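Scroll down for the structure; my scribbles are underneath it.
The values are calculated or read from the model by the stated rules, or taken from the named source; none is laboratory data. Note that the coordinates shown come from a computational prediction; the quantities given were computed from them, not determined experimentally. Here the Cβ positions follow ideal geometry from the backbone for every residue, glycine too, while neighbour counts run over all protein chains shown. The area values use the complete protein model at the heavy-atom level, side chains included, leaving out ligands, DNA and RNA. Shrake-Rupley method; radii C 1.70, N 1.55, O 1.52, S 1.80 Å.
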Amino acid sequence: MQTKSLTQLDTPLFDALLAHAKRQPIQFHIPGHKNGQGMDPAFRSFIGQNALDIDLINIAPLDDLHHPKGIIKDAHQLAAQAFHADETFFSVQGTSTAIMAMIMSVVGPDDKILVPRNVHKSVMSAIVLSGAHPIFIHPEFDEMFGIAHGITPSAVERALSLHPDTKAVLVINPTYFGVAGDLESIVTLAHSKGIPVLVDEAHGVHIAFHDDMPLSAMQAGADLAATSVHKLGGSLTGSSVLNVRRGLVSPDKVQAVLSMLTTTSTSYLLLASLDCARRHLAINGEAMNRRALELATRMRMGLAKLPYLAVFGESDLHSSATFAFDPTKVLISVKGLGISGHLVEEFLRDEHRIEVELSDLNNILLIITSGDSEETIDALLAGMADLVERHRDTGAKTSSHSIVLPDIPALALSPRDAFYEETETIPLADAVGRISAEFMMVYPPGIPIFIPGEMITTDNLAYIKENIEAGLPVQGLEDHTLETIKVIQQSNAIR
């Protein structure tokens, strides 16, 4: 029960956990480790007693994530204020579950939803589960860096004119690479037709807290936004929020669907980290972003001195699909060195003890936060200088990888129908012209090459081969060797 007016300085959930642990109650409930006394001593020693004391469950004093009425409800309300939402729900299963919940809250069987092709695999999982019909929009493609950006308002407008019965529009804002489109215009367009806008904001929890960042989903007027707090907001891995604007969507429906998808064995460690991360962002978010931007500038200036490298920046923004960008995402093209981003990732790991966020055929992606320092930035710059020096003689002489994304395959069956159809397993090399019953993607970032229900094409297979040969993580098939694939079973005519 809330006894005082709460402010962003408060952490009602975390404080209640601490108070409960301080009482040292005798526990005849799960978890069975009982404050760590019943677990492996080595792990207990490593993780620490404080963490184990608040690894609790939804007993009455600690509220229930599925039916919040006390401290979790208070924490939700403070988060909604911080993120400019009407209501906010916590997720202890990452942004993937939050994305699935927001989609399944607004579309059902045979409903149409507009989605960019470069969506995360959780979007496609939600489409399979809901039975919705995806209408794909081509994102703008960046020839220089070989990456997909956002979708344009004009592309959304064309799609809605062709499919006026669309029930929802999904937008990525910002993309994995920190690029944001003109989200406000898309929201205005969709709302003029009474259509809600859903935003995959996995990489944008911090952007609402600094004026030099792109607009957040809630600031732009979106209706739902699945936002990773753990990625860039300082909470523990696997903790995220789902922000809601009342009007075109029902918060009660959102809560019900999220509850359906969420474990009843809720992690209070993750919940507490969300409560505290929200406070940190609300109170110190502007300073955190300012520090991260200063460090990112230091890195960008250092990289600009190295030959054969190209760094994505403001000069690369040239359309409504590249309306703004987050400078703390540092995307470096290494194709001028004649090597793949994957090889650069391995070089930095093996030679300089540096781990990057992502590599692809031509690039590496680095994420800068206030958790970095001048020392970590300079270590990366030293590693890249070493890389350039080793490849100076071959850089500009070796042809770089060219990326030609295949066209979006024709959808022969709805993803849900294809997922549940009778299937047969055939060699992947022989699958041209067949209907896929599986997902296949390059992960990270999880962009589908094809999905259940789509026709497999020669271009699909060539793109898969190119990524495999470059050592990139193609996945999704049940056969981890990628030699066979499940396709829709063909029926022979009855004679």
- Members of region 308-321 found to be in a helix (DSSP H, G or I) and either among the β-branched types (Val, Ile, Thr) or open to solvent by 40 Å² or more (accessible area, probe 1.4 Å) (or both), listed by number: 314, 315
- Taking region 206-250 as the search range and keeping residues that are among the β-branched types (Val, Ile, Thr) and farther than 14 Å from residue 99 by Cα, which one is most open to solvent (accessible area, probe 1.4 Å)? 237
- Task: Within region 399-411, identify whether any single residue is closer than 30 Å to residue 434 by Cα and in a strand (DSSP E or B), and answer yes or no.
- Result: yes
- Close pairs from region 111-124: first within 14 Å of residue 174 (Cα to Cα), partner open to solvent by 20 Å² or more (accessible area, probe 1.4 Å) and assigned to a helix (DSSP H, G or I), Cβ under 8 Å, at least 6 apart: 120/96
- Task: Might you let me know whether region 420-429 holds any residue that is in a loop (DSSP other than H, G, I, E, B) and either open to solvent by 30 Å² or more (accessible area, probe 1.4 Å) or modelled with pLDDT under 95 (or both)?
- Result: yes
- Item | Filtered residue count, region 128-159, keeping only those that are part of a helix (DSSP H, G or I) and either in contact with a His (Cβ under 8 Å, 6 or more places away or on another chain) or open to solvent by 30 Å² or more (accessible area, probe 1.4 Å) (or both) | 5
- Query: Based on what the data block shows, is residue 295 touching a residue at least 60 places away in the same chain (Cβ under 8 Å), within 25 Å of the chain's Cα centre (by Cα) and either not in a helix (DSSP H, G or I) or not assigned by the TED database to the domain that holds residue 155 (or both)?
  - Reply: yes
- Query: Does region 22-42 contain at least one residue that is among the acidic types (Asp, Glu) and either touching a residue at least 24 places away in the same chain (Cβ under 8 Å) or under 30 Å from residue 218 (Cα atoms) (or both)?
  - Reply: no
- Residue hits (region 116-127; open to solvent by 10 Å² or more (accessible area, probe 1.4 Å) and either touching a Leu at 6+ places or on another chain (Cβ under 9 Å) or not in a helix (DSSP H, G or I) (or both)) are 117, 118, 120
- Task: Return the residue satisfying two criteria in turn: it lies in region 32-48 and is under 34 Å from the mean Cα position of the chain (by Cα) and not in a loop (DSSP other than H, G, I, E, B), and of such residues it is surrounded by the most Cβ atoms within 10 Å (Cβ to Cβ).
- Result: 44
- Message: Based on this model, can you work out whether residue 375 counts as open to solvent by 60 Å² or more (accessible area, probe 1.4 Å) and either of a type in the set (Asp, Glu) or without any contact (Cβ under 8 Å) to a residue 12 or more places away in the chain (or both)?
- Response: yes
- Item | Filtered residues of region 447-464 (kept if assigned to a loop (DSSP other than H, G, I, E, B) and touching a helix residue (DSSP H, G or I) at 6+ places or on another chain (Cβ under 7 Å)) | 451, 452, 453
- Message: Quick check on region 70-81. Is at least one of its residues within 22 Å of residue 248 (Cβ to Cβ), assigned by the TED database to the domain that holds residue 22 and touching a Phe, Trp or Tyr at 6+ places or on another chain (Cβ under 8 Å)?
- Response: yes
- Task: From the list 6, 52, 65, pick out the single residue that is surrounded by 11 or more Cβ atoms within 10 Å (Cβ to Cβ) and in a helix (DSSP H, G or I).
- Result: 52
- Query: For residues in region 12-31 being within 33 Å of the chain's Cα centre (by Cα) and over 24 Å from residue 278 (Cβ atoms), which is surrounded by the most Cβ atoms within 10 Å (Cβ to Cβ)?
  - Reply: 31
- How many of the residues in region 267-307 are under 30 Å from residue 30 (Cα atoms) and open to solvent by 10 Å² or more (accessible area, probe 1.4 Å)? 6
- Query: Among (1) in a loop (DSSP other than H, G, I, E, B); (2) within 30 Å of residue 53 (Cα to Cα), where does residue 277 come up short?
  - Reply: (1)
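Name the single residue, out of those in region 464-484 being under 22 Å from residue 134 (Cα atoms) and buried (at least 18 other Cβ atoms within 10 Å of the Cβ), that is modelled with the lowest pLDDT.
Result: 476.
Can residue 57 be described as under 18 Å from residue 266 (Cα atoms), surrounded by 11 or more Cβ atoms within 10 Å (Cβ to Cβ) and in contact with a Pro (Cβ under 8 Å, 6 or more places away or on another chain)?
When the stated conditions are applied, residue 57 passes them.
For the structure I just gave you, tell me whether residue 190 is more than 28 Å from residue 311 (Cα to Cα) and crowded, with 24+ Cβ neighbours inside 10 Å.
Spelling it out, residue 190 is indeed more than 28 Å from residue 311 (Cα to Cα) and crowded, with 24+ Cβ neighbours inside 10 Å.
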- Task: Specify which of the listed residues (295, 258, 309, 271) is in contact with a Leu (Cβ under 9 Å, 6 or more places away or on another chain) and over 30 Å from residue 93 (Cβ atoms).
- Result: 309
